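Visitor: Please see the structure below; I have some questions.
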Amino acid sequence: MFLGHFGVALAAKKTAPKASLGTLVLAAQFADLLWPILLLSGREEVRITPGITRMTPLDFVSYPWSHSLLMQMVWGVALGAAYFAIRRDARSAAVVAACVPSHWVLDWIVHRPDMPIVPGGARYGLGVWNSVPATLVIELALFLAGVALYMSATRAKDRTGHFALSSLLGLLFVLYFASAFGPPPPNVHVLALSALAIGLTVPWAGWADAHRELAGPGSRR
């Protein structure tokens, strides 16, 4: 799952209009931003095994600290608490906290049975990645629904508000299809570094959101 997580972040703006889209992207993608750090440190493990699923060559051998449901709930509470301590906005803090474990739910839908509930415990997954059409339908539906909700909640304040958002959405499409249909990464090190680079979408989303305002009468920031 890739686009679907961004769809959750975009949709969450409707529920937490005071939260920056950058913060919501950070929360929804927190597991995938932590994962490459743990890979590079040797604390988690992945193998590149072309053909293991129709959509991805990645065999997620071990990722209990970034991708178990329990730890994502812990990270979510921690991130939500940090947000509340800074912003004093309980509603937005709750949405930020909920976005983190939403990652597990979406991954559970597409992954092979490799998603742990608790570190070291049984692993689950519906395996939608074994069907290219089903994966595309789910990913694109979640993403486009998120875009629609975000667009209904905000409007551009200036040209940057249009450009920053459209360029971000376009980049996400390109990255998704390049990853899904391009060659597998040459090694785990390159994979981890490219995954870390996805972190650039956090300030990019924050930049786009800063040049947009809440839509509707009486809802200006």
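The values are calculated or read from the model by the stated rules, or taken from the named source; none is laboratory data. Quick caveat, the model's predicted, so the values are computed rather than measured. SASA here: full protein model, heavy atoms, side chains in, ligands and nucleic acids out. Shrake-Rupley method; radii C 1.70, N 1.55, O 1.52, S 1.80 Å.
Visitor: Which of rounded, prolate, oblate describes segment 132-219, given a ≥ b ≥ c as roots of the alpha-carbon gyration tensor eigenvalues and a/c under 1.5 marking rounded, otherwise prolate only if a/b is larger than b/c? Don't skip to the end; give the middle numbers.
Guide: Values: a/c = 3.19, a/b = 1.72, b/c = 1.86.
In terms of gyration-tensor shape, oblate.
Visitor: Please list, in order along segment 130-136, the HN-Hα scalar couplings obtained from phi with the Karplus expression 6.51 cos²θ - 1.76 cosθ + 1.60 (θ = phi - 60°), rounded to whole Hz, x for Gly and Pro.
Guide: 7, 10, 5, x, 5, 4, 4
Visitor: Given H placed on each backbone N at 1.01 Å, which residues far from L58 in sequence or on other chains put an amide H within less than 5 Å of it?
Guide: Result for L58 returns T49.
Visitor: Take the alpha carbon gyration tensor of segment 1-159, find the square roots of its eigenvalues, order them as a ≥ b ≥ c, and report rounded if a/c is under 1.5; if not, report prolate when a/b exceeds b/c, else oblate. Can you show the working numbers first?
Guide: Values: a/c = 2.28, a/b = 1.36, b/c = 1.67.
Oblate is the answer for segment 1-159, as a/c is 1.5 or above yet b/c matches or exceeds a/b.
Visitor: Could you run the Karplus curve 6.51 cos²θ - 1.76 cosθ + 1.60 with θ = phi - 60° over segment 60-69 and give me ³J(HN,Hα) per residue in whole Hz, x for Gly and Pro?
Guide: In residue order, the calculated couplings are 7, 5, 7, 8, x, 8, 9, 10, 6, 4 Hz.
Visitor: Viscosity 0.692 mPa s, temperature 37 °C: give me the Stokes-Einstein translational D for segment 69-168 in µm²/s, with Rh taken as the Kirkwood radius over C-alpha pairs.
Guide: Details: Rh = 16.0 Å.
For the chosen part, D equals 206 µm²/s.
Visitor: Report the relative contact order of segment 102-221, percent, no decimals, based on alpha-carbon pairs under 8 angstrom and at least 6 residues apart.
Guide: Details: 94 pairs, mean separation 28.4, N = 120.
In percent, rounded to a whole number, it is 24.
Visitor: If you don't mind, there's one more thing I want to ask. Share of the chain's accessible area from carbon and sulfur, percent, 1.4 Å?
Guide: Details: 7060 of 10280 Å².
Carbon and sulfur together cover 69 percent of it.
Visitor: Tilt of helix 3-15 relative to the longest C-alpha principal axis of the chain, in degrees (0 to 90, nearest 10)?
Guide: 30 degrees
Visitor: Classify segment 101-160: rounded, prolate or oblate, from the alpha-carbon gyration tensor (a ≥ b ≥ c, eigenvalue square roots; a/c under 1.5 rounded; otherwise prolate if a/b is larger than b/c)?
Guide: Values: a/c = 4.34, a/b = 2.02, b/c = 2.15.
Oblate shape, in that a/c is at least 1.5 and b/c is the bigger or equal ratio.
Visitor: Once phi is turned into θ = phi - 60°, what whole-Hz ³J(HN,Hα) does the Karplus curve with 6.51, -1.76 and 1.60 give for every residue of segment 139-145, x standing for Gly and Pro?
Guide: Working through the residues one at a time gives 4, 5, 5, 5, 5, 5, 5 Hz.
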